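> Got a structure for you, questions after.
Read-outs: derived from the displayed coordinates by stated rules, not from any lab. The model shown is predicted, which means the values in this text are computed figures rather than measured ones. Backbone-built Cβ (ideal geometry, glycine too); neighbour counts: all protein chains shown.
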Amino acid sequence: MRILATVIALAALLSGCASNEYLLGEDLYVRSCATCHGIEGEGGIGDAVGKGSNTDLSLTDEQIAGVITVGPGNMPGFSRLTQEQVDSLVLYMRSLAR
């Protein structure tokens with residue numbers, strides 16, 4: 001899975017269509033979120049965060065950032081992330097919802 005994420009990130013970088021912020025968010029998501037929320041945000045142990053989910057339909061960027069930082073229910077909070085890292089995760093999660 002790590003190799004696939006690296007190949008995707010490298011392809012996006014070489015094509016010039018991915019920002020550094022997007023790539024940071026993708027890397028963080030793959031390493032920290034995909035195990036529970038699915039590689040494409042389809043859900044699993046954790047809620048879906050992709051197309052048709054609350055991330056897509058009803059939550060603001062600030063609310064998503066709060067969920068990442070605090071962690072509701074059984075989800076751990078990621079309070080050690082910098083604001084840049086949280087913002088990049090929000091950006092990447094929004095891309096999953098498209």
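> Could you list, in sequence order, all residues of region 45-70 that are without any contact (Cβ under 8 Å) to a residue 12 or more places away in the chain and touching a helix residue (DSSP H, G or I) at 6+ places or on another chain (Cβ under 6 Å)?
ILE45
> Can you tell me which residue among LEU89, LEU57 is among the aliphatic types (A, V, I, L, M) and under 19 Å from GLU21 (Cβ atoms)?
Only one candidate passes the filter, namely LEU89.
> Could you tell me how many of the residues in region 69-98 are crowded, with 17+ Cβ neighbours inside 10 Å and β-branched (Val, Ile, Thr)?
The number of residues fulfilling the criteria is 2.
> Right, here's the next one. What number of residues within region 23-68 are of a type in the set (S, T, N, Q) and surrounded by fewer than 15 Cβ atoms within 10 Å (Cβ to Cβ)?
Count: 5.
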